[in-house]
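To keep things clear, I will list the structure first and then write my remarks on it.
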């Protein structure tokens, strides 16, 4: 997905920054230089786990009052918390770990951030340089392991430049197409003497992400949109990463073009607006998928066109001319051929297209058709008295009870789909989830990172029993840090999405997808020092939500939902978006 290219990619020192530097403890070691570089970048929070090789950096943090370290229960949790912090703030989150298993435990979180283009910087300890390559205790080739899942990685080799390495990594994580970066810190480098004060974060002079698209292509694309009869805007995660939500909304309102989002793009356009068709893809709305299938022009902004969105490439928007805006040229025509490639910053390119529009498309009939599809394929569900509690009802009741700027985090699975289908998102950076990598266990550590990023906003984590079991140890962090978050475990005693696929595509052979025994999560929460709640019936939902929200601290609601409930609509993997199933017998 495309992300932002700001004019501040190579900032200069300011008088304020120089004054702040004079007030700091002088740099005496490489570790001091690392800390100074983080402060130059404006970093306030770090998420990590202590260990031998990273210990010099932690020692340099010991008396620092400007940087707050949050000790996580597991390094994967640190990476996810930093990832969520970056999603909510727009600036890189920072995670730290020691060498060997500490570094490798970060890999899942870094891969997740890489797939979703989330800004993260990882600092990993490493054995002294003289031992590198000798299979020393807790040695791993961290650069080799993480290179495929980072935007850039650096092996620090000199105490005099290690701070600038960290500044470069931070700048690269932040600018252009955002993503994770890593600096590997050998212990002799961070312990080594230096008096070098690192400068402000700077990207290399050779790094010049594009800002403006080619004007000739812009004009041709605007002509196509203005003359189309069935246009749609497809807003991806790059709209949010590029801070382009305001430009997207203004453009859609001006030309009355229906807006569809991808899952990472949720929140970029208000879902309560008439022009919103919500999100498309495998479990997107029927009306969004119908609009994609029948449109004649698509203005796609900041999207990778991944397989969960497109289904079969040959059947995706078959009659549409594709206008594709992205800041990363590698995404253009990678999956879906772009008839009009617009390479540049999302906000700037939208304004370029707006300025080039020769007129407004005649879309009255098309908008009426889209509204008709909303009527034909509503996102409704049944709540029979003789069946267990439906998860959709719980999500909707939570949405009704919470402010519009509430941040929702999730793990991955059926609960994730219900959380984005039945919650109405109106603002960017309120939906925090794992998309491209599909990382179970993401939800709870992400809620921690989100709450620290936005302490005055409500944070609700929807998790599944399977996801929650993977990172439930992070509840200890939420309790220790006194974070007021609410975790809602939609508990069907199964890895529900796997079970759904086994029923639909493997003749019901439920191998390793159901739990013959599972903990009582409300009691587990109490053991951690959080408040635990349990919901089994409809008449318990609203009162329990109110009690959990009223508790000033972390709470967990164990919600026993209908184990037979599945996620629909559903487009079969590689299928035609317009042929979505509304029940298992339609697959």
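Quick notes
- Sorted by Cβ density within 10 Å, fewest first, the residues 38, 579, 587: 579, 587, 38
- Relative contact order [Cα under 8 Å, 6+ residues apart], the chain, whole percent: 15 percent
- This ranking places 80, 196, 324, 415 by how few other beta-carbon atoms lie within 10 Å of each, fewest first, which gives 196, 324, 415, 80.
- The chain: calculated mean residue ellipticity at 222 nm from DSSP helix runs of at least 4, using -39500 (n - 2.57): -10500 deg cm²/dmol
- One Cα centroid belongs to segment 431-501, the other to segment 208-267; the line between them spans 31 Å.
- Simple spin-label estimate for residue 365 and residue 400 in nanometres, 7 Å along Cα-Cβ: 4.0 nm
- Inter-part distance, segment 27-63 to segment 135-167, computed on C-alpha centroids, equals 15 Å.
- Comparing Cα centroids, segment 312-390 and segment 512-587 end up 30 angstrom apart.
- Percent of beta bridges antiparallel (DSSP, the chain, rounded to nearest 5): 5 percent
- Value of relative contact order over segment 215-376, rounded to a whole percent, pairs C-alpha under 8 Å and six or more apart: 31 percent
- Spin-label model distance (nm) - residue 427 vs residue 256, 7 Å beyond Cα toward Cβ: 3.0 nm
- Shape call, segment 300-339: gyration tensor on alpha carbons, a/c limit 1.5: oblate
- Highest mean first, the peptides 121-134, 246-259 sorted by other C-beta atoms within 10 Å per residue fall in the order 121-134, 246-259.
- By other beta-carbon atoms within 10 Å, ranking 75, 278, 197 with the fewest at the front produces 197, 278, 75.
- Cα gyration tensor shape of segment 168-318, rounded if a/c is under 1.5, else prolate or oblate by comparing a/b with b/c: prolate
- Cα shape, segment 254-327, gyration tensor, a/c 1.5 rule: rounded
- Extension gain, residue 576 to residue 547, is 6.0 nm, computed as 0.36 nm per intervening residue step minus the present C-alpha separation.
- Residues within the reach of a label modelled at residue 537 (point 7 angstrom out along Cα to beta-carbon, backbone nitrogen below 18 Å), restricted to segment 554-582, are 558-562.
We did not get these values from a lab; they are worked out from the coordinates using the rules stated. No experiment lies behind these values; they were computed from the predicted model shown. All Cβ positions, glycine included, derive from the backbone under ideal geometry; neighbour counts span all protein chains shown.
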